[in-house]
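Here the structure is laid out as structure tokens; the discussion comes afterwards.
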Amino acid sequence: MASNNAAYKVDGSAFESIDVVLSGRQIRQSAGLAPASNYVLIKIGQGTSQSIGLDEAVDLNQDEPPCFLSFESDRVFSLTINERGFEWGASEISASDIRAYGGIPDDHQLILDSEGDRPIEDDDVVRLKAKGAERIISKPMEKICIVTNTVEEYVEPGRFSFEELAKLAFPNTEVTPNTEYTVSYRKGPGNKPEGSLIAGESVKLKKGMIFDVSETDKS
């Protein structure tokens, strides 16, 4: 039988309450964040976020369980992502968190508008100001240059699959059940700049990324 309790998440862990309205203090306490006053609580919404005060009432009766992030901090930092207000509980925010909580797709470039349109790379962090708000925008990326078997190729940004790379490297090869490919890469994004792919896998592209694709025939 389904529970009638109100559900919510804090830092990825699921909780339930018999009350549909809880204070920020109660939510902190339920997640073991003690003393509650030592923690900033951020509610993540649809492409936005906001801090929840200790005595602020939160309605848990929503279509989707509300999600919260906690930070051991006494300060709330502000930023905007595509002109939507965000609040954060740490002095820096990673590019991956900006994408995840701002709903930014992989084929859009992140730009730090408050620093003269500086691009934000995938492994970057943005340091937030104690006063004022950092402004971040996103825009569709133009085609980027990658290198496949020493040949420069201009492709759409985003993710590229094992199969797409095999086709790009050997466009005139007729693929048969006996055809096998190996795909490896260098100068990749984030914390895995080198690696390999197998059938069915894909990788996010980065400007200047280098691929080595080889073909063998098992027959």
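The values are calculated or read from the model by the stated rules, or taken from the named source; none is laboratory data. Owing to the predicted nature of the structure, the values given are computational and were not obtained by experimental measurement. Ideal geometry is used to build each Cβ from the backbone, glycine not excepted, and the neighbour counts take in all protein chains shown.
Worth pointing out:
- Evaluation of residue 80 against the conditions (1) surrounded by fewer than 17 Cβ atoms within 10 Å (Cβ to Cβ); (2) assigned by TED's automatic domain parsing to the domain that holds residue 33; (3) among the polar types (S, T, N, Q) shows that the sole unmet condition is (1).
- When 158, 208 are screened for being loosely packed, with under 15 Cβ neighbours inside 10 Å, out of contact with any Phe, Trp or Tyr (no Cβ under 8 Å at 6 or more places or on another chain) and in contact (Cβ under 8 Å) with a residue 60 or more places away in the chain, only 208 passes.
- Selection count, segment 11-57, where residues are acidic (Asp, Glu), within 20 Å of residue 72 (Cβ to Cβ) and in contact with a strand residue (DSSP E or B) (Cβ under 6 Å, 6 or more places away or on another chain): 2
- Count - residues of segment 191-204 that are at pLDDT below 90 and surrounded by 14 or more Cβ atoms within 10 Å (Cβ to Cβ): 1
- Tally of residues being in contact (Cβ under 8 Å) with a residue 12 or more places away in the chain and assigned to a loop (DSSP other than H, G, I, E, B) across segment 55-74: 8
- Taken as a whole, the structure places residue 120 among residues that are free of Cβ contacts under 8 Å to residues at least 40 places away in the same chain and touching a helix residue (DSSP H, G or I) at 6+ places or on another chain (Cβ under 6 Å).
- Only one entry of 152, 156 meets the criterion of being of a type in the set (Asp, Glu), under 16 Å from residue 206 (Cα atoms) and at pLDDT 90 or above, and that entry is 152.
- Being without any contact (Cβ under 8 Å) to a residue 40 or more places away in the chain and basic (Lys, Arg) is a property that holds for residue 187.
- Residue within segment 25-35 that is exposed (fewer than 14 other Cβ atoms within 10 Å of the Cβ) and touching a Leu at 6+ places or on another chain (Cβ under 6 Å) present: no
One line per residue, one yes/no per condition, for (1) under 27 Å from residue 121 (Cβ atoms); (2) outside the structural domain of residue 116 (by TED's automatic domain parsing); (3) of a type outside the set (D, E, K, R):
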site: 152; (1), (2), (3): yes, yes, no
site: 159; (1), (2), (3): yes, yes, no
site: 164; (1), (2), (3): yes, yes, no
site: 168; (1), (2), (3): yes, yes, yes
site: 171; (1), (2), (3): no, yes, yes
site: 187; (1), (2), (3): yes, yes, no
site: 199; (1), (2), (3): no, yes, yes
site: 203; (1), (2), (3): yes, yes, yes
site: 210; (1), (2), (3): yes, yes, yes
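- Cβ-Cβ contacts under 8 Å between residues 6 or more apart (or on different chains), taken from a first residue in segment 96-113 that is modelled with pLDDT of 90 or more to a second residue that is assigned to a helix (DSSP H, G or I), are listed as 104/98; 110/95; 110/98; 110/99.
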